[in-house]
1. How far is helix 74-87 tilted, in degrees, relative to the longest principal axis of the Cα atoms in the chain, given as a value from 0 to 90 rounded to the nearest 10?
2. What spacing in nm lies between the two simple spin-label points modelled at PHE11 and ASP27, each 7 Å away from Cα in the Cβ direction?
3. What full-extension length gain, to one decimal in nm, is calculated for GLU77 and ARG62 as 0.36 nm per residue of separation minus the Cα-Cα distance?
4. With only Lys, Arg, Asp and Glu charged, each at its Cβ (+1 for the first two, -1 for the last two), find how big the charge dipole of the chain is about the Cα centre; round to the nearest 20 debye.
5. Using a simple spin-label model with points 7 Å from Cα along the Cα→Cβ vector, what separation in nm is obtained for GLU87 and ARG52?
6. I need the chymotrypsin sites (Phe, Trp or Tyr not before Pro) found in the stretch 10-88, filtered to DSSP loop residues with at most 14 other beta carbons within 10 Å of theirs.
7. For ASP36 and SER19 in the same chain, what is the full-extension length gain: residue separation times 0.36 nm, less their Cα-Cα distance, in nm?
8. Where the centre of each part is set by its Cα atoms, how far does the stretch 1-40 sit from the stretch 49-88, in angstrom?
Amino acid sequence: MRITVVRHGGFAGMSREWSVEVTDPDDLASWQSLIDQLPWSQRPTSAPQPDRYIYRIRVSRRRITLPEQKVAGPWRELVDRVKTAAEG
């Protein structure tokens, strides 16, 4: 399973991308549990705020774009976990 997080925008308009390929069966169960908690069907209704980031999150065929202020709870946990795994 491939998980990708792209952050773009902000004051400088910079983009960053983090990606992790989960292949270990033990890790897969943990990642899948987190992914199943995500509210994929609850699309944000608020517009992005100026000079804040936009996050594009992709897990297999599932995709969502969230303004920075909506990256909370399980979304924040996923973003932080992908960043840590990709950088570590």
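Here, each number is a calculation from the coordinates, and none is a lab measurement. Being a predicted model, the structure only gives us computed values, none of them experimental. Backbone-built Cβ (ideal geometry, glycine too); neighbour counts: all protein chains shown.
1. Roughly 70 degrees, rounded to the nearest 10.
2. 3.5 nm
3. Taking GLU77 through ARG62 to full extension adds about 3.7 nm, to one decimal.
4. Here the size comes out at about 500 debye.
5. 2.1 nm
6. Listed in order of number, the matching sites are PHE11, TRP40.
7. Going from the current span to full extension adds 4.3 nm.
8. Each part's Cα centre sits 7 Å from the other's.
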